[in-house]
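Read the structure below first, then the notes.
The values are calculated or read from the model by the stated rules, or taken from the named source; none is laboratory data. Being a predicted model, the structure only gives us computed values, none of them experimental. Cβ placement follows ideal geometry from the backbone for every residue including glycine, while neighbour counts extend to all protein chains displayed. Note: areas computed on protein heavy atoms with side chains; ligands, DNA, RNA excluded. Shrake-Rupley method; radii C 1.70, N 1.55, O 1.52, S 1.80 Å.
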Amino acid sequence: MAFELPPLPYPKNALEPHISERTMDFHHGRHHQAYVTNLNNLVKGSPAENQSLEDIIKSSYRDSSKTGVFNNAAQVWNHTFFWNCMKPNGGGAPSGQIAQAIERDCGGLDKFKELFKAAAVGQFGSGWGWLVADGGKLKITATSNAVNPLAEGQTALLTCDVWEHAYYLDYQNRRPDFVQTFLDHLINWDFVSQNLAKPR
Ligand code: MN3
């Protein structure tokens, strides 16, 4: 069974003015779709064809004969996760368990934003900024290219795509402004809470 591009969890123009419909059109319709198409072509006729996306990611990571499979599988997963990390009128403050964990492990919401922005902006070249759960604690990380917490044995809670294709049409070279906007206006804290609450 072939992998499919999941629909966006909101209309393409729903994140305006922060992310334009044009960016979403390219990012979801072209970039994310291309990873899905590439993955299907790469696993066709191999045992990976019948594996879950998560299993493909874990089993192909750091296997030099499966670099293409890993990169495309992880990018399919990363983008689906990223769309769900955002919502129209997002941002604001988290509540409940995730708010307490951010207080405990990141020093509060303002400090979290500062550290997340530094990690995401500081990622040299293409990659992702993350909030993860690792050994019962929250951590802020950044990964290069397609690498994600799943591959590293961590639980992904939140991500921001910092590949240039994520922001260049709307923000050009101003990655810090894009990440700040993501933090202030786009984060779907309900989704982050669900990820923390999931048994693992
Ligand atoms: Mn992307």
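On average, how much accessible surface per residue is there in the chain, in Å², for a 1.4 Å probe, leaving out ligands, DNA and RNA? Please report the intermediate quantities before stating the final value.
Values: 9640 Å² over 200 residues.
Accessible area per residue: 48 Å².
Can you pull a Stokes-Einstein diffusion coefficient for the stretch 44-200 at 4 °C (1.567 mPa s), Rh from Kirkwood over Cα pairs, as a whole number of µm²/s? Mind dumping the intermediate values first?
Values: Rh = 16.1 Å.
Estimated diffusion coefficient is 80 µm²/s.
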Over all pairs of different Cα atoms in the stretch 21-84, the reciprocal of the mean inverse distance gives a Kirkwood radius in Å of 12.1
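Tally up the carbon and sulfur contribution to the accessible surface of the chain as a whole percent, 1.4 Å probe, everything protein left in place. Present the calculation step by step, with values, prior to reporting the outcome.
Numbers: 4760 of 9640 Å².
Here carbon and sulfur together make up 49 percent of the probe-accessible area.
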Given unit charges at Cβ for Lys, Arg (+) and Asp, Glu (-), the dipole magnitude of the stretch 96-197 about its Cα centre in debye, nearest 20, is 200
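Taking only C-alpha pairs under 8 Å that are 6+ residues apart, what is the relative contact order of the stretch 96-197 in percent? Provide the component values of the computation, followed by the final result.
Working: 144 pairs, mean separation 25.6, N = 102.
Value for the stretch 96-197: 25 percent.
Quick one: ranking SER46, SER65, SER60 by accessible area, 1.4 Å probe, largest first, what do you get?
Numbers: SER46 40, SER65 95, SER60 5 Å².
In descending accessible area the options line up as SER65, SER46, SER60.
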Links exceeding 20 Å between C-alpha atoms in this model, out of LYS87/LYS137; LYS44/LYS198; LYS139/LYS198; LYS111/LYS137; LYS44/LYS66, come to LYS87/LYS137; LYS44/LYS198
So, for the Cα atoms of the stretch 108-167, Rg and Dmax in Å stand at 11.1, 33
